[in-house]
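Heads up: the structure comes next, in structure tokens.
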Amino acid sequence: LAYRPIITLTTDFGLNDHFVGTVKGVILNILPEAEIVDICHSVIPFDVLDGSLKLAAAYSYFPAGTVHLVVVDPGVGSARRAIVATTERYEFVAPDNGVLSLIYQREERLRVHCASAEHYFLQPLSQTFHARDIFAPVAAYLGKGVAPSKFGDQISDFLRIDPPRPQRIDAATVRGKVLTVDRFGNLISNITPSDAAALAPTGSAQLKIRVGEREISGIKTAYAEGAPGEVFAILGSMGYLEIVANQGSAAQILVAGRNSTVDVLLAARAAGANQE
Amino acid sequence: LAYRPIITLTTDFGLNDHFVGTVKGVILNILPEAEIVDICHSVIPFDVLDGSLKLAAAYSYFPAGTVHLVVVDPGVGSARRAIVATTERYEFVAPDNGVLSLIYQREERLRVHCASAEHYFLQPLSQTFHARDIFAPVAAYLGKGVAPSKFGDQISDFLRIDPPRPQRIDAATVRGKVLTVDRFGNLISNITPSDAAALAPTGSAQLKIRVGEREISGIKTAYAEGAPGEVFAILGSMGYLEIVANQGSAAQILVAGRNSTVDVLLAARAAGANQE
Amino acid sequence: LAYRPIITLTTDFGLNDHFVGTVKGVILNILPEAEIVDICHSVIPFDVLDGSLKLAAAYSYFPAGTVHLVVVDPGVGSARRAIVATTERYEFVAPDNGVLSLIYQREERLRVHCASAEHYFLQPLSQTFHARDIFAPVAAYLGKGVAPSKFGDQISDFLRIDPPRPQRIDAATVRGKVLTVDRFGNLISNITPSDAAALAPTGSAQLKIRVGEREISGIKTAYAEGAPGEVFAILGSMGYLEIVANQGSAAQILVAGRNSTVDVLLAARAAGANQE
């Protein structure tokens with residue numbers, strides 16, 4: 001079977017409007033053999049960090065050669081640039097507003113080009129829908145085999161944003177926060193094993209975690225290990241500490257959500273020191 | 001044109017997270033020529049019966065050879081098995097939790113294999129996202145032509161759940177309930193013509209149905225036969241008795257929903273007997 | 001690479017049920033090589049004008065030869081016809097209820113055929129799900145190359161509905177209304193530059209627009225030109241006047257929505273005449 005170029009879409013467009021359909025039409029008009037795959041269109045409107053998270057969770061599972069198109073674009077029509085980022089396995093097309101920051105963190109070999117060559121854009125060029133007029137055509141031409149350097153100059157001053165990192169607020173506490181709440185009410189924090197060595201799966205049954213007023217004991221490896229409705233922690237499939245409930249919504253039970261504080265009590269194994 | 005393997009997805013993942021995109025990436029990484037088709041990602045979280053209903057309504061319309069991947073998986077990370085079910089026309093990949101029960105009911109020729117051969121799984125294998133690490137790879141390898149027997153032993157003790165069936169509660173009444181409410185507010189009951197011979201479309205204009213306090217007369221064959229806002233019954237496209245309104249929501253008008261009781265009054269043609 | 005027939009879907013089915021999946025199964029069963037693309041499934045239930053708007057915004061971006069399947073079908077099961085409309089670049093399959101009206105307005109060369117040849121339909125033919133039993137098969141056979149004339153007679157009495165047009169209510173005021181509110185809270189009106197010459201992008205900075213009690217000054221060319229939270233107007237990517245806010249929801253700020261009145265004050269450049 002012939003190779004088919006894959007183009008993924010990650011946007012804050014939602015699915016109630018024509019936006020996603022229009023973008024797909026533009027891509028197929030340039031590259032009719034494209035295989036277009038939705039990663040997610042429910043990025044929080046204008047939230048580049050949320051877009052970066054959704055993309056980071058999924059992109060590395062796609063075949064080498066995939067073009068990842070990412071549009072969370074509060075600055076559409078302003079001077080912000082359009083960029084093409086190239087890693088060992090993938091090409092990314094996005095506005096230069098930090099939405100690729102987690103890619104920059106994770107990928108060692110990275111080149112970024114401006115996408116400024118207007119003859120690749122749709123004409124007339126709107127100032128309000130660059131996904132249609134700039135990003136989709138650039139992604140389609142990349143999928144067609146046009147080299148990133150054809151779209152514009154290589155740049156090094158592309159915008160990086162720092163995702164919020166957990167802080168050690170005292171000798172015994174790592175403080176993070178909830179990055180996002182998933183469909184099942186699981187609270188995905190920004191805390192990783194490297195932030196809190198105690199989170200390593202082995203022997204951490206007595207770790208304590210605090211969300212709001214609630215103290216949670218222990219870390220399990222599967223949702224099904226908890227009793228139904230029990231709230232506990234796991235190391236989730238995105239690599240982050242998650243506060244979860246078995247067949248229930250931790251978010252509802254804890255009345256917690258995006259940006260809620262999550263404290264990991266590192267000295268919990270020692271007697272009482274950090275428990276109120 | 002070359003044959004393209006079709007893989008459908010039915011899950012409770014919703015569309016707000018990266019889950020569906022990640023699963024598609026895994027499939028395409030193994031089988032780049034796959035045609036992935038969403039059946040539905042809005043199965044009620046953890047509800048295997050609801051997943052079974054969504055799948056049962058759609059699966060038989062796909063071409064022979066389609067692989068149907070179904071993930072509603074409250075037991076992820078527990079001892080529940082992953083299975084491959086093979087019928088005359090299709091292959092199904094799912095957790096062994098009953099989510100295929102309606103397939104088992106409808107398909108005469110059926111073989112079920114365990115999917116336990118770990119060399120087909122993604123590594124490292126998480127205990128929280130088997131759709132990504134187990135089910136998607138197994139579906140992709142099936143689409144690639146790997147025989148079901150390669151994934152594990154044939155089994156006969158796979159889990160079946162009995163969907164709720166209508167009961168004859170007295171000589172004149174068949175009692176069922178609402179299985180699901182669709183986008184338009186139609187109440188889909190679990191009552192079929194074989195449950196109540198009186199439901200056969202011919203000559204049944206005087207049949208009576210009771211939902212809550214409301215008695216509904218007659219069964220029509222099309223939504224458009226009712227006056228706008230009128231509540232009436234039809235035999236719906238899924239094969240079940242539906243309580244509907246023309247260009248309106250029966251669910252709203254009747255203040256009824258999932259699990260509401262639906263009584264069919266079989267003797268309605270005889271004078272008055274079952275009418276209060 | 002071989003040509004793949006593209007079939008787009010625009011419906012009011014939502015994504016919570018099996019409907020869209022079933023329609024895709026039917027298409028692929030007839031035409032396994034079809035590339036099926038969702039334009040939008042969130043058309044307001046039963047609202048043919050809303051369906052027409054969503055379709056009109058996206059259809060022209062697809063490659064020539066695309067088959068556009070549109071199902072917003074309050075009259076399913078009644079005497080309303082199924083039709084195939086052919087333009088220079090596209091084929092459309094839809095119920096004959098006006099859902100293609102904006103296509104009829106925009107396309108000069110147009111032929112419309114009845115789709116009445118039952119041997120193309122699924123059997124048994126339901127009276128409740130013609131998307132599955134009639135429209136999907138017809139779209140698939142069109143994609144397969146069957147000529148529109150094979151499905152039935154050419155007709156000229158197909159149904160057109162007039163989308164609501166802005167009115168000049170006095171010498172100085174064009175009155176339109178909000179057609180739809182998009183994901184970002186932008187209010188899309190039915191006013192185009194041809195309705196109000198003053199809307200032409202050049203030199204119109206002093207134009208005044210009234211939505212409810214609120215008077216808005218000036219028209220910008222990009223969302224990012226406004227201060228965060230500022231409400232202003234742009235000529236949007238669909239060709240209509242939009243009332244928008246930079247990184248905020250104009251709908252929320254103005255407490256306005258679908259069908260809200262939008263007045264363009266044409267004489268705004270002259271001193272004071274139309275300002276209260």
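The values are calculated or read from the model by the stated rules, or taken from the named source; none is laboratory data. Keep in mind that this is a model prediction, so the values were computed, not measured. Reconstructed Cβ throughout: ideal geometry from the backbone, glycine too, with neighbour counts over all protein chains shown. Side chains included, ligands, DNA and RNA excluded: accessible areas come from the protein's heavy atoms. Shrake-Rupley method; radii C 1.70, N 1.55, O 1.52, S 1.80 Å.
Relative contact order (percent) for region B:5-56, with alpha-carbon contacts under 8 angstrom and 6 or more residues of separation? Mind showing how you got there, number by number?
Values: 63 pairs, mean separation 26.4, N = 52.
About 51 percent, as a whole number.
For region A:92-156, what is the relative contact order in percent, using Cα pairs closer than 8 Å and at least 6 residues apart in sequence? Each step should come with its number before you reach the end.
Working: 52 pairs, mean separation 28.5, N = 65.
Reported as a whole number, the value is 44 percent.
Excluding residues fewer than 8 places away in the same chain, name every one of the lysines whose C-alpha is closer than 23 Å to that of residue C:220.
C:177, C:208
Per-residue mean of other chain beta-carbon atoms within 10 angstrom of the beta-carbon, peptide B:122-132?
Values: counts 1, 0, 0, 0, 8, 10, 13, 3, 2, 1, 3.
For peptide B:122-132, the averaged partner shielding equals 4.
Collect residues whose amide H, placed 1.01 Å from N in the peptide plane, falls under 5 Å from the amide H of residue C:208; neighbours closer than 5 in sequence don't count.
It is C:218, C:265, C:268, by chain and number.
State, to one decimal in nm and shortest first, how far the label point of residue A:172 sits from each corresponding label point in the other identical copies (label point: 7 angstrom along Cα-to-Cβ).
For residue A:172, the other copies' label points sit at 7.3, 7.3 nm, shortest first.
Mind putting a number on the dipole of region B:24-176 about its Cα centre? Charges go on the C-beta only, +1 for Lys and Arg and -1 for Asp and Glu, and I need it in Debye to the nearest 20.
Numbers: 15 positive and 17 negative charges, 37 e Å.
That gives a dipole near 180 debye.
Partner chain Cβ atoms within 10 Å, averaged over the residues of B:37-43 - can you pull that number for me? List each step's numbers first, then the result.
Values: counts 7, 6, 8, 8, 4, 6, 1.
Taking all residues of B:37-43 together, the mean is 6.
State which helices in chain A qualify, where a helix is a whole DSSP H run, it must extend 15 Å or more along its own axis by its Cα atoms, and its mean Kyte-Doolittle hydropathy must be at least -0.5. Please list the in-between numbers first.
Details: long enough: A:19-30 (17 Å, 1.61); A:48-58 (16 Å, 1.13).
Flagged H segments are A:19-30, A:48-58.
Send over the per residue convex hull volume for region C:22-164, Cα only, as a whole number of Å³. Write down the numbers at each step before the final one.
Working: hull volume 15.3 nm³, N = 143.
Per-residue hull volume (Cα only) is 107 Å³.
Which entries of C:54/C:144; A:24/C:24; B:24/C:54; A:54/C:54 have Cα-Cα distances beyond 19 Å here?
Numbers: C:54/C:144 25 Å; A:24/C:24 17 Å; B:24/C:54 27 Å; A:54/C:54 27 Å.
From C:54/C:144; A:24/C:24; B:24/C:54; A:54/C:54, over 19 Å: C:54/C:144; B:24/C:54; A:54/C:54.
Taking chain B as a Gaussian network, Cα atoms linked when under 10 Å apart, which of B:61, B:120, B:90 shows the biggest mean-square fluctuation?
Maximum among the listed residues: B:61.
Let me have the 222 nm mean residue ellipticity of chain C computed from DSSP H runs of 4+ only, each contributing -39500 (n - 2.57), with the sum over all residues rounded to the nearest 500. Each step should come with its number before you reach the end.
Working: 5 runs with 42 residues, N = 276.
Value at 222 nm, helices only, nearest 500: -4000 deg cm²/dmol.
Using a label point 7 Å beyond Cα on the Cα-Cβ vector, give me the inter-copy distances for residue C:79 in nanometres, one decimal, shortest first.
6.6, 6.6
Measuring label to label, 7 Å along Cα→Cβ, what does residue C:156 give against each other copy in nm, shortest first?
7.1, 7.1
For the protein assembly as shown, what is the charge dipole size about the Cα centre, in debye to the nearest 20, if Lys and Arg each add +1 at the Cβ and Asp and Glu each add -1 at the Cβ?
Values: 72 positive and 84 negative charges, 83 e Å.
Value, rounded to 20: 400 debye.
GNM on chain A, C-alpha springs below 10 Å: top fluctuator among A:266, A:187, A:15?
Fluctuation is largest for A:15.
Over all pairs of distinct alpha carbons, what does the Kirkwood formula give as the hydrodynamic radius of chain C, in Å? Intermediate values should be presented prior to the final figure.
Values: mean 1/r = 0.0494 Å⁻¹.
Averaging 1/r across every pair of different Cα atoms and inverting gives 20.2 Å.
For the protein assembly as shown, rounded, prolate or oblate, judged on the Cα gyration tensor with a ≥ b ≥ c (square roots of eigenvalues), a/c < 1.5 rounded, else prolate if a/b > b/c?
Details: a/c = 1.40, a/b = 1.00, b/c = 1.40.
Rounded, because the longest to shortest axis ratio a/c is under 1.5.
Which one of C:261, C:251, C:41 has its Cα pushed farthest toward the positive end of the charge dipole of chain C, where Lys and Arg give +1 and Asp and Glu give -1 at the Cβ?
About the Cα centre, the residue reaching furthest to the positive side is C:261.
Scan chain B for the residue whose Cβ is closest to the axis carrying it onto chain A, then write down that distance in whole angstrom.
Nearest residue, distance rounded to whole Å: B:15, 4.
Using amide H atoms built in the peptide plane, which far-off residues or other-chain residues are under 5 Å from residue B:68 H to H?
Here B:8, B:91, B:92, B:93 satisfy the definition.
Using Cα pairs under 8 angstrom and six or more residues apart, how large is the relative contact order of chain A, in percent?
Working: 587 pairs, mean separation 40.1, N = 276.
Result for chain A is 15 percent.
Which value, in Å², gives the accessible area per residue of the protein assembly as shown when a 1.4 Å probe is used on the protein heavy atoms?
Details: 31540 Å² over 828 residues.
Per residue, the protein assembly as shown has an accessible area of 38 Å².
Anyone know which of C:91, C:118, C:213 comes out most mobile in the 10 Å Cα GNM of chain C?
C:213
Rounded, prolate or oblate, given the Cα gyration tensor of region B:30-108, with a/c below 1.5 counting as rounded? Provide the component values of the computation, followed by the final result.
Values: a/c = 1.43, a/b = 1.27, b/c = 1.12.
Here region B:30-108 falls in the rounded category.
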